Amino acid sequence: MSFSNEPVVNVANATIFQDHATVLSEIDFQITKGEFVYLVGRTGSGKSSLLKTLYGDLPLRLGDITVVGHGIRDIKSSEIPFLRRKIGIIFQAFELFYDRSVAENLFFVMKATGWKDKAKMKSRLAEVLMRVGLGAVSSKMPHQLSGGEQQRVVIARALINEPQILFADEPTGNLDPEVSEGIMKLFLEINKSGTAVVMATHNHHFIEQFPARVLKCENGKIKDSSKEEFELTGIY
Ligand SMILES: Nc1ncnc2c1ncn2[C@@H]1O[C@H](COP(=O)(O)OP(=O)(O)OP(=O)(O)O)[C@@H](O)[C@H]1O
């Protein structure tokens, strides 16, 4: 049972590992419903490793993490699809199927997450594409779309099951500045409607232009702008 005031993410004294190496240790933070959080830090500081742990791609061996009501420590592989249905994941590399149309890419995820009714699938497809500002692209192949449009398709795909939180790992890393800003604004819009967002980014302009809470990976720990002040310069 989940209650509306429960945090969407709760991290308690967790250590993040890659193989046997400790990447981040003694980390504690919570993310509440509808929050927007930037995740920053130098290359190799642990942003992706933390995100992977949160969405169940990297095992949590020390400490406790709960994401949308699922305990991540020792999570069974059979439980991971249920976790993934309540979250959205967006990477820098778009990771679409390039031999399938936009519609087929989205239907693939719907089928994998239990959608069966064709009419409902079609109307959800139209809804999520509209949500990300894409019109008549459903029959197009991904390569017929610009990089920004492809990333919008990926965001639409992540929105299919109305996730409580989006984890985005440098979602604008492959895009030029103008297109990146459009994608950033789309994340803010989605966030305004109540979906929490955690976005790993090297783009400090976003943080200046659209200030929000910042978690900074540094020297194996996490600093939290909601608890302490720290310099944002020199981290990119
Ligand atoms: N698959 C892996 N196996 C072993 N070590 C890894 C693996 N992926 C990352 N690492 C190591 O874990 C540490 C943290 O890397 P991570 O990718 O989480 O950093 P990051 O902050 O996301 O970096 P970037 O900004 O470049 O994406 C680094 O020392 C990296 O070399």
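The values are calculated or read from the model by the stated rules, or taken from the named source; none is laboratory data. Only a predicted model underlies this, so the values are computations on that prediction, with no experimental measurement involved. In this analysis, Cβ positions are derived from the backbone assuming ideal geometry, glycine residues included, and neighbour counts consider all displayed protein chains.
Consider Lys111 against the criteria (1) closer than 27 Å to Leu145 by Cβ; (2) touching a residue at least 24 places away in the same chain (Cβ under 8 Å); (3) more than 12 Å from the ligand (Cβ to nearest atom): it satisfies all of them except one. Which criterion is unmet?
(2)
Can you find a residue in the stretch 76-91 that is over 27 Å from Ala156 (Cα atoms) and at pLDDT below 95?
Yes; the residues of the stretch 76-91 include at least one that is over 27 Å from Ala156 (Cα atoms) and at pLDDT below 95.
Kindly indicate which of Thr195, Thr172 is surrounded by 20 or more Cβ atoms within 10 Å (Cβ to Cβ), of a type in the set (Val, Ile, Thr) and modelled with pLDDT under 95.
Just a single option satisfies the conditions, and that option is Thr172.
Taking the options Glu162, Glu208, name whichever one is modelled with pLDDT of 90 or more and at positive phi.
Exactly one of Glu162, Glu208 is modelled with pLDDT of 90 or more and at positive phi, namely Glu162.
Going by what's in this entry, would Val23 be described as surrounded by 17 or more Cβ atoms within 10 Å (Cβ to Cβ), in contact (Cβ under 8 Å) with a residue 24 or more places away in the chain, within 21 Å of Val197 (Cα to Cα) and of a type in the set (A, V, I, L, M, F, W, C)?
For Val23, the condition - surrounded by 17 or more Cβ atoms within 10 Å (Cβ to Cβ), in contact (Cβ under 8 Å) with a residue 24 or more places away in the chain, within 21 Å of Val197 (Cα to Cα) and of a type in the set (A, V, I, L, M, F, W, C) - is not met.
Would you confirm whether or not the stretch 64-74 contains a residue that is part of a loop (DSSP other than H, G, I, E, B) and crowded, with 17+ Cβ neighbours inside 10 Å?
Scanning the stretch 64-74, I find at least one residue that is part of a loop (DSSP other than H, G, I, E, B) and crowded, with 17+ Cβ neighbours inside 10 Å, so the answer is yes.
What are the pairs with Cβ atoms under 6 angstrom where one residue, in the stretch 37-59, is more than 20 Å from Thr195 (Cα to Cα) and the other, located anywhere, is basic (Lys, Arg) and within 7 Å of the ligand (Cβ to nearest atom)? Sequence gap at least six, or different chains.
Gly41/Lys47
Checking Ile31 against (1) under 16 Å from the mean Cα position of the chain (by Cα); (2) surrounded by fewer than 19 Cβ atoms within 10 Å (Cβ to Cβ): exactly one of these is not met. Which one?
Of everything listed in (1) under 16 Å from the mean Cα position of the chain (by Cα); (2) surrounded by fewer than 19 Cβ atoms within 10 Å (Cβ to Cβ), Ile31 misses just condition (2).
Restricting to helices (runs of 4 or more DSSP H) lying wholly in the stretch 127-235: which have 3 or more residues that are of a type in the set (Val, Ile, Thr)?
By residue number, 147-159, 177-192.
Quick check on this structure: which one of Thr201, Thr233 is in contact with a Ser or Thr (Cβ under 9 Å, 6 or more places away or on another chain) and either modelled with pLDDT of 95 or more or hydroxyl-bearing (Ser, Thr, Tyr) (or both)?
When all the criteria are applied, what remains is Thr201.
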